[in-house]
1. Residue-wise, which Karplus ³J(HN,Hα) couplings in Hz belong to segment 66-72, taking 6.51 cos²θ - 1.76 cosθ + 1.60, θ = phi - 60°, and x for glycine or proline?
2. Net charge near GLU101: determine it from the other residues with C-beta under 11 Å of the C-beta of GLU101, scoring Lys and Arg +1 and Asp and Glu -1.
3. Rank CYS113, CYS46 by accessible area, highest first, at a 1.4 Å probe radius?
4. How do LYS83, LYS122 rank by accessible surface area computed with a 1.4 Å probe, from largest to smallest?
5. Extent of segment 48-160 along each principal axis, from alpha carbon coordinates, in Å, largest to smallest?
6. Hey, got a sec? Which GluC sites (Glu not before Pro) in segment 99-137 land in a DSSP loop and have at most 14 other Cβ atoms within 10 Å?
7. Go through LYS90/LYS145; LYS77/LYS135; LYS122/LYS145; LYS45/LYS142; LYS45/LYS122; LYS57/LYS77 and tell me which ones have a Cα-Cα distance over 25 Å in this structure.
8. So for segment 66-158, averaging the separation of alpha carbon pairs under 8 Å that are six or more residues apart and normalising by length, what relative contact order in percent results?
Amino acid sequence: MNKLPHALSFLFLGLCANATSKVPYAWTTDHIHVGVRWQPFGLEKCEVNDANRPLIKEHSSYAQFWVSWNAAEPHEKSTDYRKHMSGYLKAIDHAVNLCMERGIHAELVMWHCPGWASESGKAGGWKPRAGEYPKFVTRMAKHFKGRVGAYQLYHEVNLQ
């Protein structure tokens, strides 16, 4: 985003006033929340650079991270985040920490299923075995407790 038309930039910056202050941000329904969807790639210097971009650091009240369960836990052993955290989840973890440092709220949108947890044995948009998805959501909530303020439990849940 190089330049916004004057009227749009005025509106945009006015709506983002809370995002640029260091006062704790309270979610309310009396204004528009402005944020970004951020896809970290596991390159630490790039993520720091992204986190310092004005669109994120100065003008966003939140950052949304899409968390593919399949990529976060590609193998059953990667459910142990302390010993076997996947590189993908490490990248999201780091980006969430960068958001916290800058006073930006984080939201996780979870989707897809790893082959080891699906009824079909296939990875992707397949039905998980009974009980596996609640375990995943619980692991994520415990891991990100105090750092992530909103979770979207599944993307396009209406799809069969």
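1. Once rounded to whole Hz, the list reads 7, 10, 6, 4, 4, 7, 5.
2. Overall, the nearby charge balance is +3.
3. The ordering from most to least exposed comes out as CYS46, CYS113.
4. Heavy-atom accessible area, descending, gives LYS83, LYS122.
5. Projected onto its principal axes, the Cα set of segment 48-160 covers 45, 34, 22 Å.
6. Loop-located and lightly packed - GLU119.
7. Result: LYS122/LYS145; LYS45/LYS142; LYS45/LYS122; LYS57/LYS77 exceed 25 Å.
8. 31
The values are calculated or read from the model by the stated rules, or taken from the named source; none is laboratory data. Here the structure is a predicted model, which is why all the values come from computation and not from measurement. As a convention, Cβ positions derive from the backbone with ideal geometry for all residues, glycine included, and neighbour counts pool all protein chains shown. These area figures cover heavy atoms from the full protein model, side chains too; ligands, DNA and RNA do not enter into them. Shrake-Rupley method; radii C 1.70, N 1.55, O 1.52, S 1.80 Å.
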